[in-house]
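The structure appears below as structure tokens.
The values are calculated or read from the model by the stated rules, or taken from the named source; none is laboratory data. On a predicted model such as this, the values are computed, not experimentally measured, just so you know. All Cβ positions, even for glycine, are placed from backbone atoms using ideal geometry, and neighbour counts span all protein chains on display. Ligands, DNA and RNA are excluded from the accessible area calculation, which covers all protein heavy atoms including side chains. Shrake-Rupley method; radii C 1.70, N 1.55, O 1.52, S 1.80 Å.
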Amino acid sequence: AERHAMSYGRAFALVMVAALLSASNGVFVRWMGEIGDWQLVFWRHAVAGSAMLAVLAVWYRGRLPATVARMGRIGALGCVFFAASGILFMVALRNAPVADVVAVLGAVPPLTALIALIALKERVLPVTWAAMAGAMIGIATMVGGSIGGGNLAGVLLALANALVVAGFAVVLRWGRAIDMLPMIALGALAAAAASAPLAFPSELPDGGQIALLALWCAVVTPLYYSFFVISSRRLPGGELMLSLPVEVIAATLLAWLLLGELPGTASMVGGGIVLASVTGLALVRLRR
């Protein structure tokens, strides 16, 4: 009963916190130094999944198997989508420029809203469509000058990833009356298992990389995924996925503050459009 009593404002704030935490992914990837793409996919998901599963086992005090069983086919489908998104994102980055992949991800909020409308009969308010359009314009402005140079396969992989991410969000909404937190842990372990054949044989992470993995994947990653799942119980799919463009802006700012990568004018202007769109949506929805 308590989880369903969460107000819209708290849920929206929680998913924005999740977006801010998730924005640190790019910084952690840089700090990891020389490590292969597939090794990074494996270690990130293996550590995050194991840490989250261990915490949930303690939290549920023997009720974890029953909680997993209650997720049923919805949880199984969510695990598949979650694992596929982590792998598709990396494969897309290997075949297309980052700007192209990010631009395609900008379509996730309207895709999520459309799928939720068809599959779940979830109403999409006009203000939500307006905010999603503004967010897409903002993302296009941010990366517009850098788009191009990738092959068709890379763009198609990025589109497949966007569809999988949207599908994952809809699955969360479908199972919003069920405790879906274990799904994240199991999905992460599934992604680690799927990437293992491509990740090994290879050298094990060194001491510094292990420390970063502990902070990034055992603390930060489980936190933002948990916040995202909890927020999905209250927020419609399209509004839930507006956290993605906010994450892009926060990642750009973190790269500037922590890595010295100065954002260009297009990034600043596009980021302003995204923030205005998301803030406007929140204000209108909170007034209602």
* How are the C-alpha pair distances of the chain spread across 10 Å bins, as whole percents from the shortest bin up? -> 7, 28, 38, 23, 5, 0
* Structure fact -> Low-density loop trypsin sites (Lys or Arg not before Pro), the range 19-112, at most 16 other Cβ within 10 Å, DSSP non-H/G/I/E/B, are 61, 63
* **Descending semi-axes in whole angstrom, ellipsoid equivalent of the range 186-288, from the Cα gyration tensor** => 32, 21, 12
* Asked: Once you sort the root eigenvalues of the Cα gyration tensor of the range 128-256 as a ≥ b ≥ c, which label holds: rounded (a/c under 1.5), prolate (a/b larger than b/c) or oblate (the other case)?
  -> oblate
* So what are the radius of gyration and Dmax for the Cα set of the range 153-227, in Å? -> 15.5, 43
* **Solvent-accessible area per residue, Å², over the chain with all protein chains present [probe radius 1.4 Å]** => 46
* **Paired Rg and Dmax values of the range 1-114, which use every Cα atom, in angstrom** => 17.1, 47
* **Computed magnitude of the charge dipole of the chain (debye, nearest 20; Cβ of K, R +1, Cβ of D, E -1)** => 1280
* To do: Rounded, prolate or oblate: pick one for the range 59-109, where a ≥ b ≥ c are the square roots of the eigenvalues of its C-alpha gyration tensor, a/c under 1.5 means rounded, and failing that, prolate if a/b is larger than b/c, else oblate.
  => prolate
* Structure fact -> Most fluctuating of 120, 181, 257 in the GNM of the chain (C-alpha, under 10 Å) is 257
* Structure fact -> the chain, Gaussian network, Cα under 10 Å: of 187, 86, 144, the residue fluctuating most is 144
* Asked: For the chain, modelled as a GNM with alpha-carbon contacts under 10 angstrom, which of 66, 116, 169 fluctuates the most?
  -> 66
* Under the Kirkwood approximation applied to all pairs of distinct alpha-carbon atoms, what is the hydrodynamic radius of the range 158-200 in Å? -> 11.9
* Out of the range 157-251, which GluC sites (Glu not before Pro) are coil in DSSP terms and have no more than 12 other C-beta atoms within 10 Å? -> 203
* To do: Note the full-extension length gain between residue 215 and residue 262 as 0.36 nm times their separation in residues minus their Cα-Cα distance, in nm to one decimal.
  => 14.4 nm
